[in-house]
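Enquirer: The structure that follows is given in the form of structure tokens.
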Amino acid sequence: MGSGKRASSSNPAISGLREKHQQDLEKLTLTSQPFKTFRLFVFAVFLYLRRSVSYLLANGWLVLFISVLAAVSALLVTLDGPHVKHLEELSEYARFGLWWIFLGVASSIGLGSGLHTFVLYLGPHIALFTIKAMTCGRVDLKTAIYDTIQLKRSPSWLDKPCNEFGPPVFSSGVPLSSILPQVQIEAILWGLGTALGELPPYFISRAASLSGGKMEELETCGGDGTGFIGRRVSQIKGWLLSHSQYLNFFTILVLASVPNPLFDLAGIMCGQFEKPFWEFFLATLLGKAIIKTHIQTVFIICVCNNQLLDWIENELIYILSFVPGFASALPALAAKLRLMKEKYMVASPPVTSDINVKKWDLSVASVWNGVVWLMLLNFFGQIVTATAQRYLKKQQEKELDALTKKSSPVSKKSN
């Protein structure tokens, strides 16, 4: 294999073709070549669907199981009876679980280019519930576990006045231990989705390792990045690669337990060095779904908690009292801080994307909807570009293999 690479590298035709292929890959984006990129994306999706259908047809028991399951489901849905209520409840739970798991997958999939759904959905949901609980003085706001922000659906407790929930249960502030269980399930489901989103790099890298290859992300580790941040990221990647012998369950757990944009590289390295799947997945699941999500959730709750805001206000006033010239301005500053906090706590919460905003209405809802849609379009564009580039690269590899086989007899004769 090494002699074949040396022979191909000495062949000017093959070297020129590789350079041309690399340039074609770099040019293949939705901004520079939109029609070609989308056409290759459609070809890749069609090829994937054809392979999936072929796999299902080759496994007759799987087709039979899916057919029986679909028939039973259709029968239960069409027939009336006492089971309909339970089916509707079950569908609500399924929709709730799939929604938050999907958001987690969307956040971590794509080798660092994922949709930041914690900032868009989970973080605001935790913040809104905390603010509502602090305002109403109680945490029994949900009608059910699935009463959360979902696609084109707002939670029932978001717009209800506090008097509909009853008198306050907590008079001196709602403790963290009471708020956390109310948002814990959706946070864990989101974390489960982020752990599942880390599996594609692992499996792709493992498949490349078993076939004797190496992923491009590992080949470019240690290279010179552009700019200060790019160079530092390249140095960190090179350091991780050089210390791969320490990549065990505990190391993966630590890397997954903190916000880490380079965790994709850890998954690629685990696949490349053929780490056991359950060792990688269990460490990733514990780190992301249990440790990391609870750190983020507790942080959001603390930031939106009245008690923490009061503590920050008191500490700030205490520190500024030692600064010359600030002692006289402290009463006015404290009054402004309290006014800002009161406005923040009673302000109308953001709404979900199902609100129809009037034309030229630059409200919080319209701006938020615009940001969400821009991020969704960017995420979809990255998926289309990456899929098209991967399809084009496979076609280029076939072309290179054909040219290498064609030129190999010539090189043998010359030797």
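Enquirer: Can you find, within region 67-91, the residue that is farthest from Val53 (Cα to Cα) among those that are of a type in the set (Gly, Ala, Ser) and part of a helix (DSSP H, G or I)?
Expert: That would be Ser91.
Enquirer: Go through (1) open to solvent by 60 Å² or more (accessible area, probe 1.4 Å); (2) assigned to a helix (DSSP H, G or I); (3) at pLDDT 85 or above and name the single condition Ala195 misses.
Expert: Going through (1) open to solvent by 60 Å² or more (accessible area, probe 1.4 Å); (2) assigned to a helix (DSSP H, G or I); (3) at pLDDT 85 or above one by one, Ala195 breaks only (1).
Enquirer: Now a separate question. If Ala144 satisfies every condition in (1) surrounded by fewer than 18 Cβ atoms within 10 Å (Cβ to Cβ); (2) part of a helix (DSSP H, G or I) but one, which is the exception?
Expert: Unmet for Ala144, out of (1) surrounded by fewer than 18 Cβ atoms within 10 Å (Cβ to Cβ); (2) part of a helix (DSSP H, G or I): (2).
Enquirer: Which members of region 163-181 meet the condition of being open to solvent by less than 40 Å² (accessible area, probe 1.4 Å) and over 18 Å from His125 (Cα atoms)?
Expert: Phe165, Gly166, Gly173
Enquirer: Right, here's the next one. Looking only at region 148-160, decide whether some residue is open to solvent by 20 Å² or more (accessible area, probe 1.4 Å), assigned to a helix (DSSP H, G or I) and modelled with pLDDT of 85 or more.
Expert: No, because not a single residue in region 148-160 is open to solvent by 20 Å² or more (accessible area, probe 1.4 Å), assigned to a helix (DSSP H, G or I) and modelled with pLDDT of 85 or more.
Enquirer: Is it fair to say Gly166 is at positive phi and not β-branched (Val, Ile, Thr)?
Expert: yes
The values are calculated or read from the model by the stated rules, or taken from the named source; none is laboratory data. None of these values were measured; they are calculated from a predicted model. Methodologically, a virtual Cβ is constructed for each residue, glycine included, from the backbone with ideal geometry; neighbour enumeration extends over all protein chains shown. Note: accessible area is taken over every heavy atom of the protein model, side chains too, but ligands, DNA and RNA are not part of it. Shrake-Rupley method; radii C 1.70, N 1.55, O 1.52, S 1.80 Å.
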